[in-house]
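A.B. asks: I have a structure I would like to understand better, so I am pasting it below and will then ask my questions one at a time.
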Ligand code: BDR
Ligand code: CA
C-alpha cells in the first residue's frame, strides 16, 4: 500500500524537483501539499506550487497555503539579519537560485484550499485513520504552530523527515542552514514533539550534488518533469558557479533527497542516531548542534551524513520519467 505523505514546501527550485519526484512515485500517496514562506514570500511559493501541480496533471492534490513568517524570530529587532549576498549579475542578467516564478509554467485556475495549512494539519491529523509521514522541506513554521495548538496530533505522525540543518556545513550564517535559521523556535518544537525525526541535512544533500552530466541525463529522460527538473538544476549550478566560484560546477538538490529518502531509505549511506539541539539566539541561531559529549543526551533523531549520488540520480530518473510526470 502507498505511504501517506504530506509535503511542506517553499517552492523554490529544489522544492519543485521534490514535488515532481513525489508525484511520480506510485509508492507515495500525497495527502496534501502545504506551503510556507522561505525561499520566497508565501504568496509566491503558493502560486509556484499550484502551477507546478497543475502542470503535472495532479490537480486532485489539495494545496494549503501556510505561514508568511516565523513564529518568533523576526519579532526581535536586535536579531542577526539574514546574511544575503550582493546581487549576482552575469551577462547583464541577475541570477537567482530560486526565481520568483518557476520558469515556463502556465498560470493555473487551481486555487489553494479554503483553510490554511496550520488548520489543515490540526484537523487532518486529529482525525487521521492511518499514520502519515511528513516531509517538511522549508521553514518549520506550519508544523510548529500546529503542534503548539494540538500536540496530540503527534499520535498520527508516522515520521517527520526534515530537510534542514547541517553538521559540517552551513549556508545562510556561519553555522546555520536556511530552513532552520528562518524559524529555529518552530524547528525546536518539531524536533522535540515526540515523533520519529529523520534529518536530511546539508552534509547528506551536498554529498549527492548533481552536475551538468546529470542535467544532460535528466534532459534525455525526456518527460515534462525530467526536463523541467533539469532546467531547475541547471539554473542552480549557474547561480552557484557565479556566486561561489566556477570550480565545483554542481548543486545540491536538497529537498528532492528528502523525498527519495522516504521512498527508499537506502539512498542514505551514513545515518546516525544522535541528540540534536537547535541554537535560538545570536550567531548560534538556527544551528543544529549534535550532542558530542562523552555521555550525550538520549538520541532524539536520526541524522544523515551521506547519501548515494548514484542511487539518487537513479531514483530521479525513474520517478521524473513516469509517462504522466
Ligand atoms: C534549503 O533551503 C532552501 O533554499 C531550499 O529549498 C532547501 O529547502 C537548503 O538550505
Ligand atoms: Ca525548500
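The values are calculated or read from the model by the stated rules, or taken from the named source; none is laboratory data. For clarity, every value in this text was computed on a predicted model and none was experimentally measured. A quick note on method: Cβ atoms are made from the backbone with ideal geometry, for glycine too, and the neighbour counts reach across all protein chains shown.
A.B. asks: Look at segment 272-306 and say how many of its residues are in contact (Cβ under 8 Å) with a residue 40 or more places away in the chain and not in a strand (DSSP E or B).
C.D. replies: Adding up the residues that qualify gives 9.
A.B. asks: Looking at (1) away from ligand 2 (no atom under 16 Å from the Cβ); (2) modelled with pLDDT of 95 or more, can you tell me which one residue 105 breaks?
C.D. replies: All conditions are met except number (2).
A.B. asks: Right, next: Which ones in segment 162-174 are at pLDDT 95 or above and part of a loop (DSSP other than H, G, I, E, B)?
C.D. replies: Across segment 162-174, the qualifying residues are 164, 165, 166, 167, 168, 169, 170.
A.B. asks: Here's another thing I want to ask about it. For segment 10-33, how many residues meet the condition of being in contact with a strand residue (DSSP E or B) (Cβ under 6 Å, 6 or more places away or on another chain) and within 10 Å of ligand 2 (Cβ to nearest atom)?
C.D. replies: Residues that pass the stated criteria total 1.
A.B. asks: Do any strands (runs of 3 or more DSSP E) lying entirely in segment 1-106 carry at least 2 residues that are within 16 Å of ligand 1 (Cβ to nearest atom), and which ones are they?
C.D. replies: Qualifying strands (runs of 3 or more DSSP E): 3-9, 28-35.
A.B. asks: Whether any residue in segment 186-198 is crowded, with 24+ Cβ neighbours inside 10 Å, within 16 Å of ligand 1 (Cβ to nearest atom), under 17 Å from the mean Cα position of the chain (by Cα) and closer than 24 Å to residue 241 by Cα is what I want to check.
C.D. replies: No: zero hits.
A.B. asks: From 158, 145, which residue is buried (at least 16 other Cβ atoms within 10 Å of the Cβ) and under 15 Å from residue 38 (Cβ atoms)?
C.D. replies: 145
A.B. asks: Does residue 226 fit the bill of being within 27 Å of residue 41 (Cα to Cα), away from ligand 1 (no atom under 16 Å from the Cβ) and surrounded by 21 or more Cβ atoms within 10 Å (Cβ to Cβ)?
C.D. replies: So residue 226 passes the test.
A.B. asks: Taking the condition farther than 14 Å from residue 309 by Cβ, in contact with a helix residue (DSSP H, G or I) (Cβ under 8 Å, 6 or more places away or on another chain) and surrounded by 21 or more Cβ atoms within 10 Å (Cβ to Cβ), does residue 209 pass?
C.D. replies: no
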